[in-house]
1. Out of (1) over 17 Å from ASP147 (Cβ atoms); (2) assigned to a helix (DSSP H, G or I); (3) over 16 Å from the mean Cα position of the chain (by Cα), the odd one out for THR60 is which?
2. Just one of the numbered conditions (1) modelled with pLDDT of 95 or more; (2) surrounded by 12 or more Cβ atoms within 10 Å (Cβ to Cβ) is not true of ALA88; which one?
3. Scan segment 1-29 for residues that are at pLDDT 75 or above and part of a helix (DSSP H, G or I) and report the count.
4. Need pairs with beta-carbon distance below 9 Å; first residue free of Cβ contacts under 8 Å to residues at least 12 places away in the same chain and within segment 41-52, second assigned to a helix (DSSP H, G or I) and of a type in the set (Gly, Ala, Ser); sequence gap 6+ or separate chains.
Amino acid sequence: MKKCLLSSIMILLLVACGVPKEEFAKLEKDVEYLRKEVDEISKKIELMESVGVFAQLERTIQTEKAVRTMEDMRTMGEAMEIYQIDFAVYPDNIDQLHPDYMREPPKFDAWDNEFVYKVSSDKQNYELISKGPDGKLDTEDDIVFSDGQFTKYPK
C-alpha cells in the first residue's frame, strides 16, 4: 500500500512538473535505487547503535564538556585567588572579577547551566559549582571548585 501510494504521488508530481511520460520508468528506477540506499543506511545506523558507537560518542562529548567546564572553573578560581591577595577577601560575585582579573568571566558551564558561586559570610572561603549534565544542584554529577582546588569532579 505504501509503495503504491508513493508511486501515485510521484506520478502526480512528475505530471505537475511537466515531465514526459517516457521518462517515468527511468525516474521510477531512480526512486527505487534511492529507497534501497536509504534502507542500507538505516541498517548501518542500527548496527552502529547495537555496537555502542553512539554511546561512546556521547561519553566522549560529556568528557570534553567536563574538561572545558573544569578549565573555566580553574581560570575563575585563579582570578579569585589574585583578587583575594589584593583585597584580603574573595569577591561577593563573579562579576567583580571583570575587567581587572578576567576579561569576561564565563557565566555558564559547557552544558549551558549558570555557574553557582557561594562565598562565606567572612569572605574567606568560596565555592564555584557547575550543576553538571543534569542541570540540578547537589547531585552526583556536580563539579565543585572550592578555595583553589576541585573538591568534587567527574570520575
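1. Status for THR60: all satisfied but (3).
2. (2)
3. Qualifying residue count, segment 1-29: 1.
4. Between residues of segment 41-52 that are free of Cβ contacts under 8 Å to residues at least 12 places away in the same chain and residues that are assigned to a helix (DSSP H, G or I) and of a type in the set (Gly, Ala, Ser), the close pairs are GLU49/ALA55.
The values are calculated or read from the model by the stated rules, or taken from the named source; none is laboratory data. Everything numeric in this text was worked out from a predicted model, so none of it was measured. Cβ sites come from the backbone with ideal geometry, for glycine too, and all protein chains shown count toward neighbours.
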